[in-house]
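**Student:** This is the structure, below, for whatever I ask next.
None of the figures in this text is laboratory data; all of them are computed from the coordinates on show. The model shown is predicted, which means the values in this text are computed figures rather than measured ones. Cβ placement follows ideal geometry from the backbone for every residue including glycine, while neighbour counts extend to all protein chains displayed.
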Ligand code: ADP
């Protein structure tokens, strides 16, 4: 096959440009990234060999060799190479993995980045897009990759100067694996540039960033042995897994570097959970909560970021079975002593040991979050802002763990509330600050907090002094029906007809109850409301709509519609406020109206219904009709009349 000349995909080219021109505070990280990629390739080799042991013998004269990462500096030629005998890449994979970026939302994100102006940090690009390989172009003016895919015979050479184009051509390679060869840029030590072919520079960088990599990182170094100088391989990393060391012996910096290695994040993590469980089922691990949600966390189901090891051997990354989907923001490693090494994903789903490990992990993570909430509220707020909506999914998860962690999760939830604008409170704080004798936790769901704050449904609580939680995350709609009790208190949606604050039940408005008006409205609105009754909850608004069943909130209806579902408008109960001047005036009018005038007053009935619907956050199904009725009444008002003239 001939040499092919290709161009990077547009987004990839933009990222590469940004990387080359980025404000890099630290160029050393290119080596960390290349070692990381080599280590990942060796992980993949293990997975493929486990699934297909024949691959091992594909080239019996050579064998695959023990897994190894090799660094080879050439001072004279000013090159540096990083090689591995991992899974390698074929021609298509080179194009796909190196020439394109397949992350959803990349284009939008790049647009935003460009329009925001200012410099971009290389670390941020690597973190957001997983383009560690591109960091090689920070130190090299040409990068060659010679690689051969495990299980295939042909080798390939990729070459690029980072100018938006690259070439691919067939190449010789004896064994599967990859060599990344960097043709280093000139270094200017007066500018603080480091010489990356220098043995001690390489040693230092490897120790600092990659010490915990579980495969040996080898370099041939000159040594003097018995007076004679000789060249011998030396392993530069200790390779001791960080999760097998006692937490007190590992520095913050080491943990952070490990986190960056596994997550490709550039910011230190927000929280670390380290555990070592012995006696019974044995497992240990290090898990991290990132400081920031990846920009595609809500785009869909991103895989879990937890890697499974068994007795120190890498088994799989993104092990969904280890943590529930509502903890999918976690990154880290879990190492089990007891699972069999040849376990497959399918077997994992069924394995009772894994279920025990998973439970143990969830409990430890929830405890760590609880502690963070108690010890450092400010940091917890950062966590909640990034991941609260995901964590709440745990209250309604469909992965078989429903309800299992309900109370622990509810303890961790924070809410907006009517009494504490601008502040988020926990249920415990709600309870501590509740009105004496209050036995319910009142809440209202909707899309916008500002809109909820003006809802007529809040009136009685506002005048009675009860605090009301305002739930505005889309997931709140789904979980609201499952909110039953917490801390001996009962959850009550104010949209429910029976949600009245304690102490006000039975206490009707002193006002006379104009039965006639209710009967009139009942007749006019019989197709859209279930019932018309007098309200105990309103103090100023003339009317509101409430529900007599679980779920079925107005916001839920909207949510389902926005997802393209056909949702019939739910028939609600119209509550009217006899103390409202509007209701009084309507009553007086009805009392003296003849048959014809009563018909004309129907417009008022409809408008009362429509405005209750709007105030409750609902949507009018037939806005044209609403507009016509409003226009008719406005015309009359402007003419100084209140009902139409007789025709
Ligand atoms: P990331 O490693 O975050 O996915 P990179 O830009 O560093 O992003 O690499 C892109 C992809 O190229 C990797 O996901 C991997 O599939 C492939 N790749 C990079 N280096 C190697 C390697 N040494 N061996 C095999 N595949 C590699």
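**Student:** So what is the 222 nm mean residue ellipticity for the chain from helices alone, if each DSSP H run of at least 4 adds -39500 (n - 2.57) and you divide by all residues, rounding to the nearest 500 deg cm²/dmol? Could the numbers behind the result be given before it?
**Tutor:** Numbers: 20 runs with 220 residues, N = 647.
Mean residue ellipticity, 222 nm, calculated: -10500 deg cm²/dmol.
**Student:** State log₁₀ I(q)/I(0) for the stretch 156-307 at q = 0.09, 0.19 Å⁻¹ as given by the Debye formula over alpha-carbon point scatterers of equal weight, solvent excluded.
**Tutor:** These q points yield log10 I(q)/I(0) values of -0.49, -1.29.
**Student:** According to a simple spin-label model (label point 7 Å from Cα along Cα-to-Cβ), what is the distance in nm between residue 50 and residue 66?
**Tutor:** Simple spin-label model gives 2.1 nm for this pair.
**Student:** Just order 87-93, 433-439, 149-155 by mean Cβ neighbour count inside 10 Å, highest at the front, would you?
**Tutor:** On the way: 87-93: 19.7, 433-439: 13.1, 149-155: 17.0.
Ranking, from highest mean packing down: 87-93, 149-155, 433-439.
**Student:** While we're here: What percent do you get for the relative contact order of the chain when only Cα pairs under 8 Å and 6+ apart count?
**Tutor:** Values: 1083 pairs, mean separation 54.8, N = 647.
After rounding, I find 8 percent.
**Student:** Relative to the longest principal axis of the chain, what angle (0 to 90°, nearest 10) does the C-alpha long axis of helix 377-392 take?
**Tutor:** Taking Cα atoms only, the helix is inclined about 80 degrees.
**Student:** Along each of its three principal axes, how wide is the spread of alpha-carbon positions in the stretch 311-436, in whole angstrom units, largest first?
**Tutor:** The Cα atoms of the stretch 311-436 stretch 58, 26, 18 Å along the principal axes, largest first.
**Student:** How far, in degrees from 0 to 90, does helix 199-210 lean away from the longest principal axis of the Cα atoms of the chain, to the nearest 10?
**Tutor:** 30 degrees
**Student:** May I pose another question? In nm, to one decimal, how far is the residue 408 label point from the residue 449 one, both placed 7 Å along Cα→Cβ?
**Tutor:** 2.8 nm
**Student:** How big is the stretch 242-395 along each principal axis, measuring the range of its Cα positions in Å and listing the largest first?
**Tutor:** That gives 42, 37, 28 Å along the principal axes, largest extent first.
**Student:** Continuing with the same structure: Which length gain, in nm to one decimal place, applies between residue 385 and residue 112 when the Cα-Cα distance is subtracted from 0.36 nm times their residue separation?
**Tutor:** Working: separation 273, 0.36 × 273 = 98.28 nm, distance 2.10 nm.
Taking residue 385 through residue 112 to full extension adds about 96.2 nm, to one decimal.
**Student:** In addition: Any number yet on Rg/Rh for the stretch 408-543, C-alpha, Kirkwood? If you can, show how the numbers build up before the last one.
**Tutor:** Details: Rg = 16.2 Å, Rh = 16.2 Å.
That ratio is 1.00, to two decimals.
**Student:** In addition: By per-residue mean of other Cβ atoms within 10 Å, what is the highest-first order of 376-385, 317-326, 160-169?
**Tutor:** 317-326, 160-169, 376-385
**Student:** Quick check: the angle from helix 623-638's long axis to the longest principal axis of the chain, C-alpha only, nearest 10 degrees?
**Tutor:** That works out to roughly 40 degrees.
**Student:** Next up: Beyond 17 Å, what share of the Cα-Cα pairs of the stretch 378-450 remains, rounded to the nearest whole percent? Walk me through the intermediate numbers first.
**Tutor:** Values: 1405 of 2628 pairs.
Value for the stretch 378-450: 53 percent of Cα pairs lie more than 17 Å apart.
**Student:** Ok, one more. Which percent of the Cα-Cα distances in the stretch 413-638 go past 25 Å? Spell out each step's value before the answer.
**Tutor:** Numbers: 10807 of 25425 pairs.
Cα-Cα pairs in the stretch 413-638 separated by more than 25 Å: 43 percent.
**Student:** Another question, then. Binning at 20 Å from 0, report for the chain what percent of all alpha-carbon pair distances ends up in each bin.
**Tutor:** Here the calculated profile for the chain is 15, 37, 26, 16, 5, 0, 0.
**Student:** Next up: Once you have all Cα-Cα distances for the stretch 595-640, histogram them in 10 Å bins from zero and send the whole-percent values.
**Tutor:** The percentages, shortest bin first, are 25, 52, 21, 2.
**Student:** Further question: What is the Å³ per residue value for the convex hull set by the Cα atoms of the stretch 4-235?
**Tutor:** Numbers: hull volume 34.1 nm³, N = 232.
Each residue corresponds to 147 Å³ of Cα convex hull volume.
**Student:** Return the percentage of antiparallel bridges among DSSP beta bridges fully within the chain, rounded to the nearest 5 %. Don't jump to the answer; show the numbers that get you there.
**Tutor:** On the way: 68 of 91 bridges.
DSSP beta bridges in the chain are roughly 75 percent antiparallel.
**Student:** Take the alpha carbon atoms of the stretch 133-245, find their radius of gyration, then divide it by 2.2 N^0.38 Å using N residues; give the quotient. Numbers along the way, then the final one.
**Tutor:** On the way: Rg = 17.3 Å, N = 113, 2.2 N^0.38 = 13.3 Å.
In units of the globular-protein estimate, the stretch 133-245 measures up at 1.31.
**Student:** Put a dot 7 Å past each Cα toward the Cβ at residue 21 and residue 433; how far apart are the dots in nm?
**Tutor:** 4.9 nm
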